[in-house]
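The values are calculated or read from the model by the stated rules, or taken from the named source; none is laboratory data. Please read these numbers as outputs of a predicted model, since none were measured by experiment. Neighbour counts are summed over all protein chains in view; Cβ atoms, including those assigned to glycine, are modelled from backbone coordinates with ideal geometry. Heavy atoms of the whole protein, side chains included, go into the accessibility calculation; ligands, DNA and RNA do not. Shrake-Rupley method; radii C 1.70, N 1.55, O 1.52, S 1.80 Å.
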Amino acid sequence: FFRISRLLLLRNFLNTMKSHLFLSVFFTIHVVASSYTLFPRLRCLYVALVEMKLQQLQTDGLAEFLREDSLLSYAPAGNYFGPDAIVEYVHSATAVSPYYKSGPNITAVQVNPVEFDQDTDICMMSADFIIAYESEPTLVGDDYKYRVGITFKFFIDIREKYITQINAHFAGGYLDLLTNYHWVTPQAIDFVCGIMETLCVDIYGEDVYDVTNCRERYAALPNSTGPDNYIDGDSKGCRALHSAFTVTNPEGHCAHLSFDPLMDPKGAIKCQESDGRSVLDLFTQSELDRFDAFQVRQGLDPNVGHDFDLCGEFGVDCP
């Protein structure tokens with residue numbers, strides 16, 4: 001009798017445990033599913049920081065999280081699609097570019113609230129940075145050291161785990177500093193014309209520009225176009241930017257340096273007409289105001305966007 005009773009008790013105990021185990025698993029699944037619904041921003045952070053490890057991302061590793069439909073957009077410079085073009089453009093703002101001796105080195109960062117679109121599973125993460133550069137003296141004239149503000153928005157498909165879009169914006173007058181001073185020194189102009197004469201000979205064919213003719217036509221171009229210093233139109237700025245690309249990819253970018261419209265291997269014509277995009281196409285006014293406030297806290301005037309002192313440099317006289 002006692003033996004049978006013990007067996008019955010053991011069976012009831014095991015059935016109870018099985019029931020509790022089922023309830024435990026069900027509860028866990030429910031909590032996880034609910035947390036994705038109730039706390040979608042946590043899901044964004046988990047995928048971006050734990051699974052994709054974007055906080056450890058270096059420029060050279062960016063391509064791993066890009067696809068051919070991924071887009072980088074910087075209003076004054078236009079749009080760049082696909083891993084190769086995006087990484088190439090990002091390199092143009094680093095010491096890979098012939099215009100920088102070092103940088104960017106992050107000196108301050110502000111991570112902003114995460115946003116999530118449950119209908120598309122797109123997570124938007126943004127951050128504001130203060131970065132330090134040192135200019136390349138052989139092109140700019142000296143190894144100037146200065147800081148500049150930049151803000152990014154990353155759109156991440158957390159279902160497919162890739163970056164669908166990156167919006168970028170340099171602060172205030174940084175483009176004015178580049179297009180009106182750093183990129184138009186005699187050395188910088190010789191650099192662009194030298195690339196056209198040497199690396200682009202095969203692409204231009206009979207229309208190759210000799211250095212003398214190049215300098216004359218280059219001098220006739222505006223430094224940038226439009227009220228917002230666009231560098232995707234017929235300007236020195238556009239050619240200075242694409243000259244940095246041309247050093248490593250002449251086949252892809254020699255056409256963009258051409259003074260006359262010339263189609264590149266992808267069928268695009270660049271440095272002729274600007275898209276005229278506004279920064280407000282990429283960032284809301286409240287996002288820009290937040291970025292400005294961040295710069296002020298870091299000692300930068302957001303209307304200037306950098307702390308490069310022009311007084312006594314590039315022929316600038318100051319009181």
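Selection of the range 88-134 for residues being in a strand (DSSP E or B), closer than 30 Å to LEU42 by Cα and not aliphatic (A, V, I, L, M) yields PRO104, ASN105, THR107, GLN110, GLU115, PHE116, ASP117, CYS123, SER126, ASP128, PHE129. Applying a threshold of 7 Å to beta carbon distances and a minimum spacing of six or more residues, or different chains, the list of pairs starting in the range 53-64 at a residue that is more than 12 Å from TYR162 (Cα to Cα) and of a type outside the set (Lys, Arg) and ending at one that is open to solvent by less than 100 Å² (accessible area, probe 1.4 Å) and at pLDDT 75 or above reads GLN55/LEU49; THR59/VAL87; THR59/VAL90; THR59/HIS91; THR59/THR94. Every condition in (1) in a helix (DSSP H, G or I); (2) within 24 Å of VAL184 (Cα to Cα); (3) open to solvent by 70 Å² or more (accessible area, probe 1.4 Å); (4) in contact with a strand residue (DSSP E or B) (Cβ under 9 Å, 6 or more places away or on another chain) holds for CYS238 except the one numbered (3).
For the range 271-286, the tally of residues that are among the hydroxyl-bearing types (Ser, Thr, Tyr) and out of contact with any Asp or Glu (no Cβ under 9 Å at 6 or more places or on another chain) stands at 2. Tell me yes or no: at least one residue of the range 189-201 is of a type in the set (Phe, Trp, Tyr), within 18 Å of VAL316 (Cβ to Cβ) and at pLDDT 90 or above. Within the range 189-201 (the criterion being of a type in the set (Phe, Trp, Tyr), within 18 Å of VAL316 (Cβ to Cβ) and at pLDDT 90 or above), the answer is no, since none of the residues qualifies.
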